[in-house]
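Chemist: Quick one: the structure is below, questions incoming.
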Amino acid sequence: MMPKVMTLTDAAAARVNALMSAKPGVKGLKIGIKKGGCAGMEYTMTWATSAGKFDEVVEQDGAKVIIDPAAVLYLIGTE
């Protein structure tokens with residue numbers, strides 16, 4: 001079994017839920033990466049209306065975080 005890419009604290013799950021409830025049609029918070037920053041990569045966060053075929057989806061207490069496949073290796077074990 002593959003380990004979870006990330007887990008959410010109770011507070012983080014509650015915050016994502018609260019923010020999502022104010023955005024009709026949003027299905028989750030999407031995390032990705034792009035070139036930039038000190039280490040050569042920056043994280044991106046956007047609201048997603050759906051998950052892509054290869055996206056990882058982390059659901060916890062009703063909160064849904066969708067992770068772009070290119071970001072998975074950078075996030076494994078993140079809380």
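The values are calculated or read from the model by the stated rules, or taken from the named source; none is laboratory data. Keep in mind the model is a prediction, meaning the values are calculated, not measured. No Cβ is skipped: glycine too gets one built from the backbone with ideal geometry, and neighbour counts run over all protein chains shown. Heavy atoms of the whole protein, side chains included, go into the accessibility calculation; ligands, DNA and RNA do not. Shrake-Rupley method; radii C 1.70, N 1.55, O 1.52, S 1.80 Å.
Chemist: Could you grab the pairs with beta carbons closer than 8 Å, sequence gap of 6+ or different chains, first residue in the range 56-69 and more than 14 Å from residue 21 (Cα to Cα) and open to solvent by 60 Å² or more (accessible area, probe 1.4 Å), second one part of a loop (DSSP other than H, G, I, E, B) and of a type in the set (Val, Ile, Thr)?
Modeler: The qualifying pairs are 56/5.
Chemist: Another question, then. May I ask you to list pairs of residues, at least six apart or on different chains, whose Cβ atoms are under 6 Å apart, with the first in the range 26-41 being within 14 Å of residue 57 (Cβ to Cβ) and the second being among the small types (Gly, Ala, Ser)?
Modeler: If the second residue must be among the small types (Gly, Ala, Ser), the pairs left are 27/48; 27/50; 28/48; 30/48; 31/71; 32/71.
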